[in-house]
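J.: Take this structure, written in structure tokens, and hold onto it; I'll ask about it next.
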Amino acid sequence: MQLTDAQINVLYLSYDGMTDPLGQSQVIPYLQGLSKAGYSFSLISFEKPERFEKNRATIAALLKESDIDWVPLPYTKKPPVLSTLWDLRQMKKTTLSLHRKKQFKIIHCRSYISAMVGMGMQKQFGVKFIFDMRGFYADERVEGGIWKLSNPVFKQVYNFFKRKEQQFFSNANYTISLTKKGRDIIHTWANIKNQPIPIQVIPCCADLDLFSEKSIDAGLLQQLRQQFKLTGNEFVLNYLGSVGTWYMLDEMLDFFKTLLKFKPEARFLFITGEPASDILTKAKTKGIPEAAFIITPAPHKQVPTYLAMSQCSIFFIKPVFSKSASSPTKQGEIMGMGMPHVCNAGVGDVDDIIDEKSGVLIKSLDTAGYEGAIQKMLNTTFDKDYIRSRAQQIYSLSAGVEKYKEVYKRISN
């Protein structure tokens with residue numbers, strides 16, 4: 001008998017919390033959309049105490065509206081490795097308990113920790129297993145400096161997860177990759193069984209209702225321009241988000257220093273919650289005056305208005321192997337505003353997404369590369385409507401939900 005959507009109970013497993021910004025932007029909207037298609041969801045997530053205390057009621061109400069049965073579990077941070085093993089045990093135990101009641105047809109696993117439970121459920125009960133990889137996890141931990149391979153414990157952990165990765169790809173009924181580049185790399189790996197394995201590409205979605213010129217508050221924009229002493233004649237370059245592990249702050253500052261040769265009155269707007277000192281200390285070593293910077297956090301709903309103070313955005317991400325499977329959410333948000341952006345080559349599908357009508361791709365992070373990019377940036381009339389339409393085509397939530405529905409239907413039938 002062919003199952004209908006309404007008969008299908010799905011368990012979504014996430015080691016990320018729903019009270020985290022990531023859960024709110026990259027998990028809940030998809031589950032809400034899929035719930036409307038008739039799928040019945042249970043959701044297990046691991047919540048960090050402070051965020052859980054602060055956001056629990058809001059998230060619980062949001063999920064209840066879509067009839068999503070949320071089972072939040074406490075995230076354990078320390079000690080390294082042992083804390084994760086403990087959380088994994090709790091995840092398995094809770095999954096088995098829920099399965100006895102609901103008899104899940106599909107288990108949708110976000111990243112590698114969850115996939116360990118999902119693959120076990122597939123083997124034990126025949127549940128359909130979706131491996132939503134989110135990136136090359138083990139390689140990200142190494143290239144991000146979190147797991148030092150000189151430490152024998154982390155070396156063992158890395159090797160363990162690389163073996164598991166091969167098993168996840170070989171056994172999953174479907175794999176989700178954030179990028180075409182990641183998919184193509186996986187399809188070259190001879191140690192994976194049943195190649196070419198089924199992979200659906202779904203990049204990180206952006207809230208294109210919020211990230212739109214329609215969201216700009218003209219009154220607030222005027223206040224911000226006065227507050228930051230902007231006359232409207234300066235060229236303002238922006239950077240949106242954290243400046244941690246993967247983002248190349250030194251190179252972005254070098255780019256801005258080069259921009260000052262062309263536009264001496266230019267300003268660099270950082271919309272971030274990071275301490276201003278982290279940015280200004282590095283800028284000082286490069287001889288960039290503090291007065292050239294605007295560094296400010298922004299409430300999420302007001303980010304489009306803050307972005308509107310600028311003409312162009314920038315992000316440089318380390319072009320390492322693990323980032324071939326990375327989809328920067330900020331790219332979709334910036335493009336949703338119809339704003340051009342400058343970024344470096346070699347990260348995920350960025351090279352294919354950006355074109356001459358939507359921004360500038362830098363292939364060499366040096367003075368010559370910066371000067372060439374700046375001349376293009378300043379001398380090109382970018383089409384806002386075209387950039388916005390590209391965002392809708394690639395990053396819209398509705399397109400992402402449709403792709404997930406396609407996967408669910410294929411493995412259900």
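The values are calculated or read from the model by the stated rules, or taken from the named source; none is laboratory data. Given the structure is predicted, the values throughout are model-derived calculations rather than measurements. Glycine gets a Cβ as well: all are built from the backbone with ideal geometry, and neighbour counts include every protein chain shown. Calculation scope for accessible area: heavy atoms of the full protein, side chains included, ligands and nucleic acids excluded. Shrake-Rupley method; radii C 1.70, N 1.55, O 1.52, S 1.80 Å.
J.: When you check TYR370 against the structure, is it open to solvent by less than 50 Å² (accessible area, probe 1.4 Å) and in contact (Cβ under 8 Å) with a residue 24 or more places away in the chain, yes or no?
T.: Criteria met by TYR370.
J.: Continuing with this model, one more query. Considering segment 196-207 alone, what residues qualify as being open to solvent by 60 Å² or more (accessible area, probe 1.4 Å) and closer than 15 Å to PHE168 by Cα?
T.: PRO196, the sole residue that qualifies.
J.: Condition check: modelled with pLDDT under 95, of a type outside the set (Ser, Thr, Tyr) and outside any strand (DSSP E or B). Does LYS284 satisfy that?
T.: no
J.: Pick out, from segment 312-413, the strands (runs of 3 or more DSSP E) lying fully within it that include 2 or more residues that are of a type in the set (Val, Ile, Thr).
T.: Result: 359-362.
J.: Here's another thing I want to ask about it. Could you list, in sequence order, all residues of segment 330-352 that are over 20 Å from GLU140 (Cβ atoms) and open to solvent by 20 Å² or more (accessible area, probe 1.4 Å)?
T.: Correct list: GLU333, ASP352.
J.: Looking at segment 353-367, which of its residues are open to solvent by 40 Å² or more (accessible area, probe 1.4 Å) and either over 20 Å from THR329 (Cβ atoms) or in contact with a Lys or Arg (Cβ under 7 Å, 6 or more places away or on another chain) (or both)?
T.: Within segment 353-367, GLU356, LYS357, LYS363, SER364, LEU365, ASP366, THR367 meet the criteria.
J.: Please find, within segment 256-276, the residue that is surrounded by the fewest Cβ atoms within 10 Å (Cβ to Cβ) out of those that are over 22 Å from the mean Cα position of the chain (by Cα) and closer than 17 Å to PHE228 by Cβ.
T.: Step by step, filter segment 256-276, then rank; the result is GLU265.
J.: What's the number of the only condition in (1) modelled with pLDDT of 95 or more; (2) under 23 Å from LEU208 (Cα atoms); (3) not in a loop (DSSP other than H, G, I, E, B) that MET18 fails to meet?
T.: (3)
J.: Of all the residues that make up segment 231-248, how many are closer than 15 Å to PRO328 by Cβ, free of Cβ contacts under 8 Å to residues at least 40 places away in the same chain and either hydroxyl-bearing (Ser, Thr, Tyr) or touching a helix residue (DSSP H, G or I) at 6+ places or on another chain (Cβ under 6 Å) (or both)?
T.: Number satisfying all stated conditions: 2.
J.: For segment 240-271, name all the residues that are farther than 27 Å from VAL142 by Cβ and in a loop (DSSP other than H, G, I, E, B).
T.: LYS263, PRO264, GLU265, ALA266
J.: Tell me, which helices (runs of 4 or more DSSP H) lie completely within segment 114-193 with 3 or more residues that are among the β-branched types (Val, Ile, Thr), open to solvent by 20 Å² or more (accessible area, probe 1.4 Å) and within 22 Å of PRO319 (Cα to Cα)?
T.: No helices (runs of 4 or more DSSP H) qualify here.
J.: Quick check, is SER97 in contact with an Asp or Glu (Cβ under 6 Å, 6 or more places away or on another chain) and within 23 Å of PHE129 (Cα to Cα)?
T.: Considered against the rule, which asks whether it is in contact with an Asp or Glu (Cβ under 6 Å, 6 or more places away or on another chain) and within 23 Å of PHE129 (Cα to Cα), SER97 comes out as no.
J.: In addition: Determine which member of the set GLU143, GLU213 is among the acidic types (Asp, Glu) and closer than 28 Å to LEU85 by Cβ.
T.: GLU143
J.: Mind checking whether some residue in segment 221-239 is over 24 Å from the mean Cα position of the chain (by Cα), part of a helix (DSSP H, G or I), modelled with pLDDT of 95 or more and aromatic (Phe, Trp, Tyr)?
T.: No.
J.: How about segment 209-220: which of its residues are at pLDDT 95 or above, closer than 16 Å to LYS330 by Cα and either open to solvent by 30 Å² or more (accessible area, probe 1.4 Å) or of a type outside the set (Ser, Thr, Tyr) (or both)?
T.: Matches in segment 209-220: PHE211, GLU213.
J.: I'm trying to understand the selection: among the residues of segment 312-322, which are touching a helix residue (DSSP H, G or I) at 6+ places or on another chain (Cβ under 8 Å) and open to solvent by 10 Å² or more (accessible area, probe 1.4 Å)?
T.: Hits for segment 312-322 are LYS318, VAL320, PHE321.
J.: Filter segment 289-311 down to the residues that are open to solvent by 10 Å² or more (accessible area, probe 1.4 Å), hydrophobic (A, V, I, L, M, F, W, C) and outside any helix (DSSP H, G or I) and list them by number.
T.: PHE293, ILE295, ALA298, ALA308
J.: With THR272, THR296 as the choices, which residue is of a type in the set (S, T, N, Q), touching a strand residue (DSSP E or B) at 6+ places or on another chain (Cβ under 8 Å) and at pLDDT 95 or above?
T.: Every option except THR296 fails the conditions.
J.: Please name all residue pairs, on different chains or six or more residues apart, with Cβ atoms under 6 Å, provided the first residue is in segment 29-43 and is free of Cβ contacts under 8 Å to residues at least 40 places away in the same chain and the second residue is surrounded by fewer than 17 Cβ atoms within 10 Å (Cβ to Cβ).
T.: Matching pairs, first to second residue: GLN32/SER66; SER35/SER66; GLY38/ASP5; GLY38/ALA6.
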